[in-house]
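The values are calculated or read from the model by the stated rules, or taken from the named source; none is laboratory data. Here the structure is a predicted model, which is why all the values come from computation and not from measurement. Heavy atoms of the whole protein, side chains included, go into the accessibility calculation; ligands, DNA and RNA do not. Shrake-Rupley method; radii C 1.70, N 1.55, O 1.52, S 1.80 Å.
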Amino acid sequence: VSALAYVIDRAGPQYRGGLTPDRQAEVIAQASGARGPNRDYLFATAAHLAALGISDPELEALVARVRALAP
């Protein structure tokens, strides 16, 4: 099975630990990487979890915040 996984490097310059949920949403709404806008990755992750019947209230709240900010 081939797979792509993202991991966190807490020592990396792009790591944004400790942000408030509102600030997280601001960063995600504006940020983009090699694989496209971060908001698209967030939305796809939430959609896939929902399709699997997995509820993540914090992730769902973050999606709502980002959708309110995204163009």
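Coupling constants for the stretch 4-13 follow from the phi torsions by the Karplus curve (6.51 cos²θ - 1.76 cosθ + 1.60, θ = phi - 60°), and in residue order they are 10, 10, 9, 10, 9, 10, 5, 8, x, x Hz; glycine and proline get x.
Rolling a 1.4 angstrom probe over the protein heavy atoms with all chains in place gives the chain an accessible area of 80 Å² per residue. Taking 0.36 nm per residue of separation and subtracting the Cα-Cα distance, full extension of the segment from Glu58 to Asp40 would add 4.8 nm. GNM on the chain, alpha-carbon springs under 10 angstrom: the most fluctuating residue among Leu42, Leu59, Leu19 is Leu19. Need one word for the stretch 1-61: rounded, prolate or oblate. Basis is the Cα gyration tensor (sqrt eigenvalues a ≥ b ≥ c); a/c below 1.5 gives rounded, then a/b vs b/c decides. It is oblate, given that a/c is not under 1.5 and a/b is not larger than b/c.
For the chain, the fraction of 1.4 Å probe accessible surface lying on carbon and sulfur atoms is 55 percent.
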